[in-house]
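Just so it is clear, none of the values below were taken in a lab; they were calculated from the coordinates. Every value quoted in this text rests on a predicted model; they were computed, and no experiment measured them. In this analysis, Cβ positions are derived from the backbone assuming ideal geometry, glycine residues included, and neighbour counts consider all displayed protein chains.
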Amino acid sequence: MSETARRVYSLQRFRIVVALLSLVFLPIVIGASFLIYQYVRYSVLVERRLHGERWQIPSRVYARPLTLRPGLVLDADGLVKVLNGLRYTQRWDAPAASGEFAIADGDVSLWPRPVPGGADEPLLVVFADGRIKAIRGSRPGKGFAEQDLEPELVTYVFDESREKRRRVQYEELPTHLVQAVLAIEDRRFFSHPGLDPLRLAAAAVRNVRTESEIVHGGSTITQQLCKNFFLTPEKTYRRKLQEALLAFVLERRATKEEILELYLNEVYLGQSGSFSLNGVGEAARAYFHKDVSNLTLPESALLAGMIQSPNPYNPYRHPQRATDRRNVVIRAMNDAGFLDQDEMDAALAEPLLVRSRSEDTTDAPYFVDLVRTQLGQRYDPRDLNTQNLAIQTSLDLQLQGLAQRAVENGLDAVMKLVKRKDGKRPQASLIALEPSTGGVVALVGGRSYGSSQYNRVTQARRQPGSTFKPFVYLAAFEAFFDDPALPPITPATVVEDAPAVFFFEDKEYIPQNYEDKYFGYVTLRMALAHSLNVATVKVAEMVGYDRVADLWSKQLKIGAPIQPYPAMALGSFEATPYEMATAYNVLANGGLKVEPLTVLSVTDERGKTLEEHDPKPPERVVHEASAFLVTSMMRSVINEGTAAAARAWDFRPDAAGKTGTTNDQRDAWFAGYTPDLLCVVWVGFDDNTPIGFSGSRVALPIWVEFMKGALAGMRPKYFKVPEAHVVFVDVDRKTGQLPGPETSRVLSEAFIAGTEPHDDGSSYLISPTAASPAARPPYAPLPPD
């Protein structure tokens, strides 16, 4: 062969070799470059999530500390639930260190964590009849009047996704929970590099056989975390490849313990009302009312079994299916070597024990919504969801539970009374607060938060009806201070309760008493106690409708301004229960306006205080003497008036209150307070159709049940009499005059100093009505019997 031919042959061969090498290595280079690019890309994503968003924990909402005391309505199960909420560790013998508790013979022994003024030794809490009977120390004969616990975590502030989590660290997870998850989800988790070839091969065979676009799982825990934490849940080959690469990257950026911790904080475990439960910490609280560290082996197995498919294995809806799935996990733990035969048999024999659903009571969702709304006006919503702020609130979880049960029981009773063909169910709301601080201690916005997140305490504007009447009398008493030359109106002033026509702007207004009953001449105390409509409108007319409206809108500054007309005196305008509680708190505080309060303080994760409630001196909006006279009159509502059933139901504390029923019985109210606690209850239908019953029939029972439980074990207190401007004079209960020979019943009546009756027998009677809208009805001496 010639030299030329050899050169041509060599060049052709070279080109062929280059082409073949290109065909072989170019895809490898391109693929390697692509993989390197994807690896770097996903490394950045993983790094950002692991060291950024992973630690962006939502803000924590805390309730105020629970004070244990003899008489408190709380049983052993309730205290155990509280201690689990405080993350106390349960022991089977006796607590050996602070933060531990044990249960024995129906009582609870606990070693409380250090709190100011608290015990520094183990305590035995003894129960009887659903209440705390005694709190005993470790030494014989040593008792404690009370013991404060720490503030309890209520919930994390949730975002629009409505996912609830309770963050736990790997060290807090019980060993049997970790073993249960590994046994059923990924036994080789601690040995594989993020992908399990055996599981992938088995899944690939299933995918080929089914010939479907849906990829069957061979996912490891790491892959599942990548799917939940980094990717969308779609099942495609592309997403599976992304998941595998992310798992490979994640295993090189985090330890196995960190991956498992993230996984068990992210995994979806069912629904609690309108919320999704994410993570074993929240699931342990929802299903067992326990801290995750106190879960038993069967309980851990149930949660591990629910990971695969939470809704079909929901223990509330499908208890047998959930039990079978739990037992599959227990057997898997035995097969994996985590349990011996005896341990497996004992766990399989355990019944399925889940606690009742409690999203309304344990988390006070309507209250948390209110806190979130209020804080959202002062903080960036993203900060609330990511910055791990500690929000201390006024909420009392013990009272919140009592409030929720009272509303549920009350509505169950109303359902037996109300028969509606359309199946619509009545609703109720309750707000309770401490008068002196304004702290909202309990708030129930409706029958069920899971069914409706509409907060009827803050959002439902309804007519207050007769619950407004005390403010008509308050305006009458305030008039004396505004113009001492006016003839005074007092609780002993007499008015004729009889049918009457009132004129306003050339229009007639003809109010009627409840059930069309009239009492003739009555004192104002009796008029308010028995909620007499005509008598109240006469007082408003005499005082001036504008004066009554200004008291509500300008002095008390409650809600939107109301218009001065006769029907206003009977509460024919709209207000929310929240606004009514604000108004009644003025009376409870002797004329001082203390706004309702929910947030006490906000601190960041470093302990720096971002805001703290500063209890400034409250504004005086009405005179103390005027407010006391109204409180005194409202005591008669409960003692002998429209709310006298409260005493028949064994409600004993000194209290003042007022029933409320609107036109056509559309709304039923009761608002009342003691020196320590104020509560407003509303009952009605959301569509504003009549409930058909009075406030004393359907709202008062809820109020009484809540107040009896809330005040149980507390020392009785009485309303404080103002040091100035109030005098007491014995008067005839019927006539309001000084007692005479024919007086049969005497009352020590309260008067603003200077308005009390005198020996000349002068008292005052409000005339039936004015002759014209411009005329002010004159006072007349009370005629002799």
Amide H partners (placed H, <5 Å) of GLN387, local residues excluded = SER59
Extreme residue, positive dipole direction of the chain, given options ALA145, SER293, VAL746 (C-beta unit charges) = SER293
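Just the number: Rg to Rh for the chain, Cα atoms, Kirkwood Rh, two decimals.
Numbers: Rg = 35.0 Å, Rh = 30.8 Å.
The Rg/Rh ratio comes out at 1.14.
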May I ask for the angle, rounded to the nearest 10°, between helix 76-85 and the longest principal axis of the chain, with both axes built from Cα atoms and the value confined to 0 to 90°?
-> 60
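Can you sort ILE510, ILE221, ILE57 so the residue with the fewest Cβ neighbours within 10 Å comes first? If you can, show how the numbers build up before the last one.
Numbers: ILE510 11, ILE221 26, ILE57 17.
Exposure proxy ranking, most exposed first: ILE510, ILE57, ILE221.
Can you tell me the dipole magnitude for the chain around its Cα centre, using point charges on the Cβ only (Lys, Arg +1; Asp, Glu -1), in Debye to the nearest 20? Write out the running numbers ahead of the final one.
Working: 88 positive and 95 negative charges, 673 e Å.
Value, rounded to 20: 3240 debye.
Quick one: order LEU474, LEU123 by neighbouring beta-carbon count within 10 Å, fewest to most.
On the way: LEU474 28, LEU123 22.
Final ranking by Cβ density, sparse to dense: LEU123, LEU474.
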Scalar couplings 3J(HN,Hα) for the range 513-521 by Karplus 6.51 cos²θ - 1.76 cosθ + 1.60 (θ = phi - 60°), nearest whole Hz, x for Gly and Pro, are 6, 4, 6, 6, 9, 10, 10, x, 6
Mind pulling the angle between the C-alpha long axis of helix 175-185 and the longest principal axis of the chain? Nearest 10 degrees, somewhere in 0 to 90.
-> 60
Subtracting the Cα-Cα distance from 0.36 nm times the residue separation, let me have the gained length for GLN374 to PHE728 in nm, one decimal.
-> 123.0 nm
For the range 424-494 and the range 604-633, what is the separation of their C-alpha centers, rounded to whole Å?
-> 17
Treating the Cα atoms of the range 630-737 as identical point scatterers in vacuum, please give the log10 of the normalised Debye intensity I(q)/I(0) at q = 0.16, 0.23 Å⁻¹, two decimals.
-> -0.77, -1.20
Calculated P(r) tail over 16 Å for the range 65-154, as whole % of Cα pairs | 48
So, by mean Cβ neighbours within 10 angstrom, what's the order for 683-690, 733-740 with the highest one leading?
-> 733-740, 683-690
Using 7 Å Cα-to-Cβ label points, what is the SER601/LEU21 separation (nm, one decimal)?
-> 7.4
Where q = 0.10, 0.11, 0.12 Å⁻¹, what log10 of I(q)/I(0) comes from the Debye formula for the range 426-544, counting one point per Cα?
-> -0.47, -0.56, -0.64
Give me the lysines in straight-line cross-link reach of LYS593: C-alpha distance below 22 Å, same-chain residues under 8 apart excluded.
-> LYS469, LYS554, LYS557, LYS616, LYS658, LYS717, LYS720
Between ASP335 and SER452, the two model label points (7 Å from Cα along the beta-carbon direction) sit apart by a distance in nm of 4.9
Amide H of SER309: which non-local residues (sequence gap of 5 or more, or other chain) have their own amide H closer than 5 Å, using H built in the peptide plane?
-> none
Apply 1/(1 + (r/R0)^6) to the Cβ-Cβ distance of SER309 and LYS133, taking R0 = 56 Å, and write down the FRET efficiency to the nearest 0.05.
-> 0.80
Using the alpha-carbon centroid of each, what span in Å lies between the range 647-671 and the range 333-412?
-> 32
The Cα extents of the range 105-192 along the principal axes, largest first and rounded to whole Å, are 60, 34, 29
Quick one: check the C-alpha center-to-center distance for the range 100-140 versus the range 267-324, whole angstrom.
-> 30
Given H placed on each backbone N at 1.01 Å, which residues far from GLY99 in sequence or on other chains put an amide H within less than 5 Å of it?
-> TRP111, ARG113
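Going by how many other Cβ atoms sit within 10 Å of their own, how do ILE16, ILE259 line up, fewest first? Don't jump to the answer; show the numbers that get you there.
Working: ILE16 10, ILE259 24.
By the 10 Å Cβ count, ascending, the order reads ILE16, ILE259.
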Tilt, helix 469-482 to longest principal axis of the chain (alpha-carbon atoms), in degrees rounded to tens, equals 60
Cut-off 19 Å, label 7 Å out along Cα→Cβ of ASN688, residues of the range 652-679 by amide N | 661-669
